[in-house]
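**Student:** I'd like to ask some things about the structure below.
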Amino acid sequence: MLAISVMNGLVMGVIYALAALGVSLVVGIMNVINFAHGELYILAGYFSFLFASVLGLPVAPAMALAVALVFLFGLLIERLLIRPTYGNDMYSLILTFILSIVLQNAFLLIFGPYPNKPPLWVRGASDIFGLFSYGNQRLAALLSGAVLIAAVFLLIQKTWFGRIVRATSQDRGMAEWNGVNTTRLNMLSFGLGCALAAAAGVILSPVFPVTPTAGVPIALTAFVVVVLGGMGSLWGCVVGGLLLGLVENLGAAFVSSGYKNVFGFIILILVLLIRPAGLFGRAKL
Amino acid sequence: MISSSKWIGPAVLAGMCLLPLPLGIYPQHVLIVSLFYVMMAASWNLLAGYTGQVSFGHAAMAGIGAYTSGILAAKAGVNPWVGVAAGTLLAALLGLGLGALCLKMGGIYLSLTTLAFSQILHIIIVNEYEVTRGTMGLQVPGLTAEYSKLTYYYILLAATVLVLFILYRMIHSNLGLSFRAVQNDETAARAVGVRVLHLRVLAFTVASAMAGFAGGLYGHYLLLITPEIPSLDLQFYVLAMTVIGGMGSFVGPIVGAFAINILAEKIRDYGEYHVLVFGLIALVVARFAPEGLTGVWRSLGRRRTP
């Protein structure tokens, strides 16, 4: 029981971390929270279901196509909705909230309220250290999530693009004086944030099928992870994501499964009470 | 402007008193629901329109009011009016707590925490089936011994007038001036001695109390309280009414609430598209006319009389 819960916690934690990285990247650079983050996760799940199960594409290209489309959609959202609100954080909150409701209802209209599920990548189960057997699909999700997180870290820490991202999130004005086109960077990082939500979506949807409103708890958890880790901190996302995944699954196993998502809320309240800047956060953005 | 606004209020009120008399049961119901939404949108406007705080937990506060009063009345036999007062108080206390907890960290935190709060409330209501009857809904007694739409209409009209009166007095006082100052330039307001944090927490507490009050009355009107009240859909409705009507304008949310609720009833005849339709309208309005319909109206008037 304990071992399985820890394992489930790790899988969920990696996905939470991935989803939270997308939020954190956008907050760090643009000081914008995308309330439609969870719906983009769901959108990618639906895309990969459409391409793989309905059109019959192989799993990998279907997933890549889904993430690419959500990335483009993210660029479009930034250009049409977010860019005109620069300097007024309130409107971006309102606009992305409305967008999330619009997407939920569009999903409901197109796909219906029923859960949809893209095909599994791998079948069967493996024996974990002789303790329990665990679904191969979940192991694959854990592995691919970890690889993607590592790739994001490489991108931010080692590349020229990453250097621009870090410079802009530290001091926007200074980055501009040094020739960074922050408008284009905003657009690109918003798209990248959406693509990270989409990546989490295509990885997890074969395990947890997508429904029109299933994105809400995912997005909320990602937001809690971002607050817990500290807004704009990438390491905070990884540590916070794993922590929350473990707490939720251990809590569900040993306290009450109906209250799985409440544990995250309790953590949020505790963080705001004790250390509002989060584990790795700067005192002020 | 002052002489005309002196007469507009009483004239509209007199009209509102006479309005339901020639109407049937169903239009009366639509009007009662509209009044609930006027209270919700007008108090949400105090947050988003006047103090620059976006709360996604306003519907949840209405749910707190409705469920507090409903549970007290249905399980403990408490008088519904006492229950509504208790629900209002609890919503105010929760507003005070949430406001104090996250407002010092800045607006984004309030939006995140209120969204989480509304989601958690939803989970608790669905899970605590014995107390709340979950998604089946909790049957509660009415506010009066005899159930009549007309009586409820006048009760909600009186409540709406009370809420609007308090909001009007708040906005057109020194307090309202400080609200505006904070929204226009927080640093400058702080520099001239406005206590920004206190002000925001106060506005959040008052708005939460009003939502709890509106929700409590609404629950006793519906006689069945379901998790539909503290839902994101209702929250979206309140937000869309304010945005489309005109954020930061006193009349905006009132116009928005009536217009959208009545339109929603019409669209509902064609199927369950109304949320999607209003979502798209709200998106376009928030993007291209951030001051809403009343803002468009005002700028049209300005253009005609230069």
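**Student:** Take B:MET247 and decide whether it is part of a helix (DSSP H, G or I), under 25 Å from B:GLY52 (Cβ atoms) and either aliphatic (A, V, I, L, M) or in contact (Cβ under 8 Å) with a residue 24 or more places away in the chain (or both). Spell out how you get there, then give the answer.
**Tutor:** On the way: part of a helix (DSSP H, G or I): no; under 25 Å from B:GLY52 (Cβ atoms): yes; either aliphatic (A, V, I, L, M) or in contact (Cβ under 8 Å) with a residue 24 or more places away in the chain (or both): yes.
No; evaluated as a whole, the condition is false for this residue.
**Student:** Test B:GLY77 against the stated conditions and say whether it is more than 10 Å from chain A (Cβ to nearest Cβ), surrounded by 24 or more Cβ atoms within 10 Å (Cβ to Cβ), small (Gly, Ala, Ser) and more than 21 Å from A:GLY215 (Cβ to Cβ).
**Tutor:** Details: more than 10 Å from chain A (Cβ to nearest Cβ): yes; surrounded by 24 or more Cβ atoms within 10 Å (Cβ to Cβ): no; small (Gly, Ala, Ser): yes; more than 21 Å from A:GLY215 (Cβ to Cβ): yes.
Considered against the rule, which asks whether it is more than 10 Å from chain A (Cβ to nearest Cβ), surrounded by 24 or more Cβ atoms within 10 Å (Cβ to Cβ), small (Gly, Ala, Ser) and more than 21 Å from A:GLY215 (Cβ to Cβ), B:GLY77 comes out as no.
**Student:** Kindly list the number of the only condition in (1) within 14 Å of chain A (Cβ to nearest Cβ); (2) over 29 Å from B:ILE123 (Cβ atoms); (3) not hydrophobic (A, V, I, L, M, F, W, C) that fails for B:LYS266.
**Tutor:** (1)
**Student:** What about B:LEU234, is it among the hydrophobic types (A, V, I, L, M, F, W, C) and more than 9 Å from chain A (Cβ to nearest Cβ)? Spell out the reasoning first.
**Tutor:** Working: among the hydrophobic types (A, V, I, L, M, F, W, C): yes; more than 9 Å from chain A (Cβ to nearest Cβ): yes.
Yes.
**Student:** Here's a follow-up. Residue by residue through region A:237-285, note down the ones that are closer than 26 Å to B:GLY97 by Cα and aromatic (Phe, Trp, Tyr).
**Tutor:** Matches in region A:237-285: A:TYR259, A:PHE263, A:PHE265, A:PHE280.
**Student:** Taking region B:132-143 on its own, how many of its residues are β-branched (Val, Ile, Thr) and at pLDDT below 80? Write out each step before concluding.
**Tutor:** Taking region B:132-143 first, the residues β-branched (Val, Ile, Thr) are B:132, B:135, B:140.
Imposing the further condition that a residue be at pLDDT below 80 reduces the set to B:135.
Of the residues in that region, 1 qualify.
**Student:** If you take the residues in region A:130-150 that are surrounded by 15 or more Cβ atoms within 10 Å (Cβ to Cβ) and among the hydroxyl-bearing types (Ser, Thr, Tyr), which one is farthest from A:GLY241 (Cα to Cα)?
**Tutor:** Residues of region A:130-150 surrounded by 15 or more Cβ atoms within 10 Å (Cβ to Cβ): A:134-142, A:144-146, A:148-149.
Those left that are additionally among the hydroxyl-bearing types (Ser, Thr, Tyr): A:134, A:144.
Details: A:TYR134: 21, A:SER144: 15 Å.
Looking at the filtered set, the residue picked out is A:TYR134.
**Student:** Moving to a separate point now. If B:GLY87 meets every condition in (1) more than 10 Å from every other protein chain (Cβ to nearest Cβ); (2) within 22 Å of A:ALA222 (Cβ to Cβ) apart from one, which number is that one?
**Tutor:** (2)
**Student:** Go through region A:234-266 and count every residue that is at the interface with another protein chain (Cβ under 10 Å from one of its Cβ atoms), surrounded by 14 or more Cβ atoms within 10 Å (Cβ to Cβ) and either β-branched (Val, Ile, Thr) or part of a loop (DSSP other than H, G, I, E, B) (or both).
**Tutor:** Matching residues across region A:234-266 total 4.
**Student:** Moving on to the next point. Within region B:231-263, which residues are surrounded by 21 or more Cβ atoms within 10 Å (Cβ to Cβ) and of a type in the set (Ser, Thr, Tyr)?
**Tutor:** Selection gives B:TYR237, B:THR242, B:SER249.
**Student:** Does any residue of region A:217-231 turn out to be farther than 18 Å from A:ALA36 by Cα, crowded, with 17+ Cβ neighbours inside 10 Å and aliphatic (A, V, I, L, M)? Quick ask: steps written out before the conclusion?
**Tutor:** First, the residues of region A:217-231 that are farther than 18 Å from A:ALA36 by Cα: A:228-230.
Adding the requirement that they be crowded, with 17+ Cβ neighbours inside 10 Å leaves A:228-230.
If we keep only those that are aliphatic (A, V, I, L, M) as well, we get A:228.
Within region A:217-231, one or more residues are farther than 18 Å from A:ALA36 by Cα, crowded, with 17+ Cβ neighbours inside 10 Å and aliphatic (A, V, I, L, M).
**Student:** I would also like to ask the following. Could you please find all residues in region B:99-111 being buried (at least 24 other Cβ atoms within 10 Å of the Cβ) and facing chain A (nearest Cβ under 9 Å)? It would help to see each step written out before you state the result.
**Tutor:** Keep residues of region B:99-111 that are buried (at least 24 other Cβ atoms within 10 Å of the Cβ), which gives B:99, B:102, B:110-111.
If the condition is that a residue be buried (at least 24 other Cβ atoms within 10 Å of the Cβ) and facing chain A (nearest Cβ under 9 Å), then B:CYS102, B:SER111 are the ones that fit.
**Student:** If you don't mind, there's one more thing I want to ask. Spot the failing condition for A:LEU99; the list is (1) over 26 Å from A:TYR114 (Cβ atoms); (2) over 16 Å from the mean Cα position of the chain (by Cα); (3) touching a residue at least 60 places away in the same chain (Cβ under 8 Å); (4) within 14 Å of chain B (Cβ to nearest Cβ), and only one is missed.
**Tutor:** Unmet condition: (1).
**Student:** Right, something else. Could you check region A:169-202 and list, in sequence order, the residues that are part of a loop (DSSP other than H, G, I, E, B) and not β-branched (Val, Ile, Thr)? Talk me through it step by step, then tell me what you get.
**Tutor:** Step one: filter region A:169-202 for residues part of a loop (DSSP other than H, G, I, E, B), giving A:171, A:178-181.
If the condition is that a residue be part of a loop (DSSP other than H, G, I, E, B) and not β-branched (Val, Ile, Thr), then A:ASP171, A:ASN178, A:GLY179, A:ASN181 are the ones that fit.
**Student:** Something else now. Could you grab me the full set of residues in region A:210-233 that are more than 9 Å from chain B (Cβ to nearest Cβ) and in a helix (DSSP H, G or I)?
**Tutor:** Just the residues of region A:210-233 that are more than 9 Å from chain B (Cβ to nearest Cβ), to begin with: A:210-212, A:214-215, A:218, A:221-222, A:225, A:228-230, A:232-233.
Once the filter is applied, which keeps residues that are more than 9 Å from chain B (Cβ to nearest Cβ) and in a helix (DSSP H, G or I), region A:210-233 yields A:GLY215, A:ILE218, A:THR221, A:ALA222, A:VAL225, A:LEU228, A:GLY229.
**Student:** Name the one entry in A:PHE161, A:PHE153 that is of a type in the set (A, V, I, L, M, F, W, C), surrounded by fewer than 18 Cβ atoms within 10 Å (Cβ to Cβ) and under 24 Å from A:LEU242 (Cα atoms).
**Tutor:** Numbers: A:PHE161 fails: under 24 Å from A:LEU242 (Cα atoms).
The match here is A:PHE153.
**Student:** Within region A:113-135, is there a residue that is in contact (Cβ under 8 Å) with a residue 24 or more places away in the chain and within 14 Å of chain B (Cβ to nearest Cβ)?
**Tutor:** yes
**Student:** For the structure I just gave you, tell me whether B:GLU272 is closer than 21 Å to A:LEU103 by Cβ, within 12 Å of another protein chain (Cβ to nearest Cβ) and charged (D, E, K, R).
**Tutor:** Numbers: closer than 21 Å to A:LEU103 by Cβ: yes; within 12 Å of another protein chain (Cβ to nearest Cβ): yes; charged (D, E, K, R): yes.
So B:GLU272 fits the description; yes.
**Student:** Working only within region A:1-47, note down all residues that are buried (at least 24 other Cβ atoms within 10 Å of the Cβ) and on the phi > 0 side of the Ramachandran plot.
**Tutor:** Correct list: empty.
**Student:** Inspect region B:136-154 for any residue being under 21 Å from the mean Cα position of the chain (by Cα), surrounded by 20 or more Cβ atoms within 10 Å (Cβ to Cβ) and β-branched (Val, Ile, Thr) and give the result as yes or no.
**Tutor:** The answer is no, given that none of the residues of region B:136-154 is under 21 Å from the mean Cα position of the chain (by Cα), surrounded by 20 or more Cβ atoms within 10 Å (Cβ to Cβ) and β-branched (Val, Ile, Thr).
**Student:** Right, here's the next one. If you take the residues in region A:61-94 that are under 28 Å from B:GLY107 (Cβ atoms) and among the β-branched types (Val, Ile, Thr), which one is nearest to the other protein chains (Cβ to nearest Cβ)?
**Tutor:** A:ILE94
**Student:** What are the residues in region B:217-244 that are part of a helix (DSSP H, G or I) and hydrophobic (A, V, I, L, M, F, W, C), if any?
**Tutor:** Of everything in region B:217-244, those that are part of a helix (DSSP H, G or I) and hydrophobic (A, V, I, L, M, F, W, C) turn out to be B:LEU217, B:LEU222, B:LEU232, B:LEU234, B:PHE236, B:VAL238, B:LEU239, B:ALA240, B:MET241, B:VAL243, B:ILE244.
**Student:** Something else: Filtering region B:277-298 down to residues that are at the interface with chain A (Cβ under 8 Å from one of its Cβ atoms) and crowded, with 20+ Cβ neighbours inside 10 Å, which residue is farthest from A:ILE101 (Cα to Cα)? Walk me through it before giving the result.
**Tutor:** Let us first name the residues in region B:277-298 that are at the interface with chain A (Cβ under 8 Å from one of its Cβ atoms), namely B:279-280, B:282-283, B:286-287, B:290.
Those left that are additionally crowded, with 20+ Cβ neighbours inside 10 Å: B:279, B:282-283, B:286.
On the way: B:GLY279: 7, B:ALA282: 11, B:LEU283: 10, B:ALA286: 14 Å.
That would be B:ALA286.
**Student:** Also: Which of the residues that make up region B:115-131 are more than 11 Å from chain A (Cβ to nearest Cβ) and modelled with pLDDT of 85 or more?
**Tutor:** To start, the set of residues in region B:115-131 that are more than 11 Å from chain A (Cβ to nearest Cβ) comprises B:125, B:130-131.
The one that is more than 11 Å from chain A (Cβ to nearest Cβ) and modelled with pLDDT of 85 or more: B:ILE125.
The values are calculated or read from the model by the stated rules, or taken from the named source; none is laboratory data. Computed from a prediction, not measured in an experiment: that's the story for all the values here. Note: ideal-geometry Cβ built from the backbone for every residue, glycine included; neighbour counts use all protein chains shown.
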